[in-house]
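*Asks:* One structure, pasted below without further comment.
What follows is calculated from the coordinates using simple rules that are stated; it is not laboratory data. Keep in mind that this is a model prediction, so the values were computed, not measured. Cβ placement follows ideal geometry from the backbone for every residue including glycine, while neighbour counts extend to all protein chains displayed.
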Amino acid sequence: MPEAPPATTTRRTPPGRRVIVGVITAGLIALAFFGLMPALADYPDVWRAIQGVSVFSLLVAAAAAVLNQLLGPLPTMAVIPQLRFGHALSARLASTTAANTIPGGGAVGVGLTYVMLGRWGHTGAEIGASVALTGIWNNLVRMLLPTGALLAAALSGIEMPSLVDGALIGVMSLGVASIAMVIVLRSTLKDRVLRPIDRFVAWVRRLLGKPADPGDSPSQRFLGIIGDAVGTRWQRLMLTTLAYHLSLYAALLAALRAVGVDPGEVHWAEVLAAFSLVRLISAIPITPGALGVIEVGLTGLLASGLTETKAELVAAGVLLFRFLTYAVPTVAGAVVGVARNRSKAKGMRPGRWGEYPAEQLQNAVCFRCRVRGDLRWHLGQFALVDCPQCGQAFMSPRLNHDGRLALYGAAEYFDAGVYRNDGAKGLQRTWAEGRLDLIDHAVDGSPRESLFEVGCAYGMFLEAAQARGYRVAGLEFSPVAAGVASQRLGCTIHVGEVVDLAVSNHDVVAFWDVIEHVPDPKAFLEAAVRLIRPGGIVALSCPRFDSLSARLLRTRWWTLKPHKHIWHFTRADLRRLLTDVGLAEVRMVRNPFVAGNRWRIDSLVLVARKPV
Ligand SMILES: [Zn+2]
């Protein structure tokens, strides 16, 4: 199922077996570097050859290696066009480090890719499709390369060592067989693999007593992305994958030339042939990052028939190549991983909410009991307090009207927040559809015609509602965002606050992550309820102060945001608020796997009905 990381990342290997795998892996690598390599070339001589490399030729080889790293994310971006280069590069570096250092690290790398790209808002279906497609294309190119090398050799009139010749014929037939297999697989994939997955998912849903998923099945979404990428961007996928492999070859060639392996002794077509063959062998995961396999394979193939002195140069070139394309990226990936964690940890410290002039701050009382709260935490210019009578947690001091207007009025507020990239927009769409599903279930039987959203930002949710046939309208505190939304949707977007709106009779009123921002949630909710007819639906989402992350992280909780989140509700607080304004709870969703609340481990979606 593409919605979850592959089982290989979570399946536990028994500790005993893991130790055996580790010992065998270490043994193979030791055999390669202390047994086979010294038989091909003496290390002291190899080291002397490396020391003789000129700065310029070293820079050329390093540039090819850097280019190779920069080309690495492009195939993934061909599958997910909304993916940003920086995100793709750091996810790739981190997963490469895992694959290069841990036995069976390839699966860990795939898991890391899911986690990192998922955090940036990409869906499981997207990530699964990119992992599957880049994998297939990688292996296609690996199989094409030996054919290309054979062609190159024929064209440049170079005689290949018999070993390479024989291997190439085998490889080509393997390639043809594999392409045939891919074609057969493509036609049976749907019936043999994906249909049973969908049936299984449907069966589990029935077992759990959940209604059938009204949208596309998981495998349909996965297939849709694959079909889109293969159908419209297969050339881009092919070219970027080919460019990646060829830049790696260029780095090998540059490293060999840097240490003084002349074209007269080892022709570029021979380098390509050896490279292709070793690349194909390294597709089989023998050691992490094929450590030892590539060094011995390349040196053995390239040095055959050369004098001992020349063989040492070849070994030096291969080791330089591996230093630039294996060791450096592995360390870089580890550094990127550590740096990301650092900057995240730094971002969680209190005091990162900006500095505000004293005239933009005010003290506040509990909206329900109208009394001042007891101090719980100092948070820079703000403080979290608890109502001594009802226990409601809130900020005091907090930003006053002018302060909030200055904060939300700026266009950067939305651009820097949830709308910062297309990936985040993808998650927004998932939420919109999931929440509309929840609303549709709640309005069962009664007509659903008009929907009003309070705090509609740029109108992404209203757009989804419009697509489902609702007549939509909205309200937005920020004039900038309201202007964008009304232009986009061609409907009325009021600017201001909900308490100023006239009584109306919409079927649904929705406000996503708004109620924790407003100065008086009870007045806000009462005003929102005045916008719907009797029997109408109120739908909202907000952070959950009784979530595990809020309890554990306390002042470091990422959703605390004291400049924006004035009220912090537990489920009990919200239920009391519903009672305060006479609403009946229909459903409260805090499961982070439900589409309407996807990946939101510390938030909930609440649907309630206005009594008839
Ligand atoms: Zn109170």
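*Asks:* Which of Leu117, Leu375, Leu58, Leu302 has the fewest other C-beta atoms within 10 Å, and how do the rest follow up to the most?
*Replies:* With the sparsest Cβ surroundings first, the list reads Leu375, Leu58, Leu117, Leu302.
*Asks:* Once each part is reduced to its C-alpha centroid, what is the distance from segment 543-602 to segment 463-529 in angstrom?
*Replies:* Segment 543-602 and segment 463-529 have Cα centres spaced 21 Å from each other.
*Asks:* Would you mind ranking Thr240, Thr134 so that the residue whose beta carbon has the fewest other beta carbons within 10 Å leads the list?
*Replies:* Listing Thr240, Thr134 from fewest to most nearby Cβ atoms yields Thr240, Thr134.
*Asks:* Using just the alpha carbons, could you tell me how many Å³ per residue the convex hull of segment 113-152 encloses?
*Replies:* Per residue, the Cα convex hull of segment 113-152 comes to 62 Å³.
*Asks:* A further question follows. Decide, for segment 23-147, between rounded, prolate and oblate: order the square roots of the alpha carbon gyration tensor eigenvalues as a ≥ b ≥ c, take rounded if a/c falls under 1.5, and otherwise choose prolate if a/b is larger than b/c, else oblate.
*Replies:* prolate
*Asks:* OK, next. With the cut-off at 1.5 for a/c, could you classify segment 409-609 from its C-alpha gyration tensor as rounded, prolate or oblate?
*Replies:* The shape class here is rounded.
*Asks:* Further question on the same structure: Would you work out the charge dipole size for segment 409-609 about its Cα centre, treating the Cβ of every Lys and Arg as +1 and the Cβ of every Asp and Glu as -1, and quote it to the nearest 20 debye?
*Replies:* 600 debye
*Asks:* Which order do Leu405, Leu574, Leu246, Leu451 fall in if you start with the one that has the fewest other Cβ atoms within 10 Å?
*Replies:* Taking fewest neighbouring Cβ atoms as first place, the list is Leu405, Leu246, Leu574, Leu451.
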